[in-house]
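I have placed the structure first, in the form of structure tokens, so that the comments after it can refer back to it.
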């Protein structure tokens with residue numbers, strides 16, 4: 001008597017069979033893609049090998065010419081800043097504005113913005129803005145972020161997730177690196193005050209700053225009042241202890257008084273004044289750090305240096321640029337020649 005397969009078992013077998021075919025197709029597709037890339041690379045190397053003499057000649061001619069043209073040097077200075085009150089968006093707009101003025105050679109406007117002479121402004125060539133990711137600084141912001149949230153959500157917002165979101169959305173990052181380039185050695189220290197003045201003229205950012213500082217000042221006054229009340233209670237406690245000591249001196253002479261520790265401490269135990277005072281002072285210390293942190297819209301963690309350094313980027317090296325230009329020019333000539341030959345063959349095939 002033949003046994004019939006269970007329909008559920010047949011369905012599972014078909015499912016795994018189909019799944020196996022899908023994975024096999026994906027594997028074959030990836031393998032064929034890698035194989036094609038490898039063969040394209042080989043074809044590219046063979047093409048370079050075929051014309052290597054001419055390509056080398058173009059490279060050497062470019063290198064020789066680089067020694068004949070006037071040598072152009074670039075200088076760079078950088079600063080790291082913290083943007084408070086979501087001012088990173090304004091910072092990005094300002095940097096784009098500076099680069100646009102340089103591109104349009106509007107040095108009169110650029111000198112007006114930075115309050116410098118036009119001759120100095122003409123030497124500025126580029127402003128570069130990049131997010132400065134630092135786990136230590138991001139951790140400080142993460143702790144401050146959690147303090148604004150309910151304790152229930154703490155376990156759902158891990159530091160790694162918070163950091164990942166900052167990396168994915170750079171404009172939410174508060175720390176930035178600003179680089180400025182020039183074609184002559186320039187004292188870039190004027191940028192420190194210029195950037196600060198620009199942000200201090202922004203009414204919206206100043207309003208946000210005022211609101212934050214008002215909240216911090218209110219909190220500070222609350223802690224100072226608590227500290228004053230604690231000190232008043234301490235004075236009362238000290239007076240009570242002193243009166244207790246006097247009440248034991250019945251003969252009016254000096255007497256050694258031994259008080260029971262629990263009794264002497266009972267007046268203060270309900271308030272725990274020592275630990276409470278320490279807690280308030282710790283709060284005031286952290287609050288002072290916040291005042292320093294939010295004292296301005298743009299905080300310079302390190303200033304622009306008055307003494308710029310030479311830019312040593314390979315892409316800005318005149319010898320590298322001329323050599324690569326000669327190499328690529330020869331390569332484009334051969335590619336153009338082969339493309340024209342291909343068009344001629346295609347035209348012949350159409351005519352036939």
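Descriptive notes on the structure:
- The residue list 225, 286, 321, 337 contains one member that is in contact with a helix residue (DSSP H, G or I) (Cβ under 9 Å, 6 or more places away or on another chain), part of a helix (DSSP H, G or I) and either at pLDDT 70 or above or not assigned by TED's automatic domain parsing to the domain that holds residue 214 (or both), which is 321.
- Whichever residue in the range 168-194 is out of contact with any helix residue (DSSP H, G or I) (no Cβ under 8 Å at 6 or more places or on another chain) and assigned to a helix (DSSP H, G or I) and, among such residues, is farthest from residue 306 (Cα to Cα): 168
- Evaluating residue 66 against the criteria (1) over 23 Å from residue 324 (Cβ atoms); (2) modelled with pLDDT under 85; (3) within 39 Å of the chain's Cα centre (by Cα) leaves one unmet condition, (1).
- Filtered by the rule that a residue be free of Cβ contacts under 8 Å to residues at least 24 places away in the same chain and over 22 Å from residue 210 (Cβ atoms), the range 274-300 gives 274, 275, 278, 279, 282, 285.
- Restricting attention to the range 198-208, the residues being touching a residue at least 12 places away in the same chain (Cβ under 8 Å) and either assigned to a loop (DSSP other than H, G, I, E, B) or in contact with a helix residue (DSSP H, G or I) (Cβ under 9 Å, 6 or more places away or on another chain) (or both) number 6.
- Within the range 70-84, tally of residues that are in contact with a helix residue (DSSP H, G or I) (Cβ under 7 Å, 6 or more places away or on another chain) and loosely packed, with under 12 Cβ neighbours inside 10 Å: 2
- In the range 79-108, the residues that are at positive phi form Cβ pairs under 8 Å with partners that are crowded, with 20+ Cβ neighbours inside 10 Å and outside any helix (DSSP H, G or I), at six or more places apart or across chains, as follows: 85/297.
- So residue 77, is it in a helix (DSSP H, G or I) and either modelled with pLDDT under 90 or touching a strand residue (DSSP E or B) at 6+ places or on another chain (Cβ under 8 Å) (or both): no
The values are calculated or read from the model by the stated rules, or taken from the named source; none is laboratory data. All figures in this text were calculated on a predicted structure; none of them were measured in a lab. Positions of Cβ are backbone-derived with ideal geometry, glycine not excepted, and every protein chain shown enters the neighbour counts.
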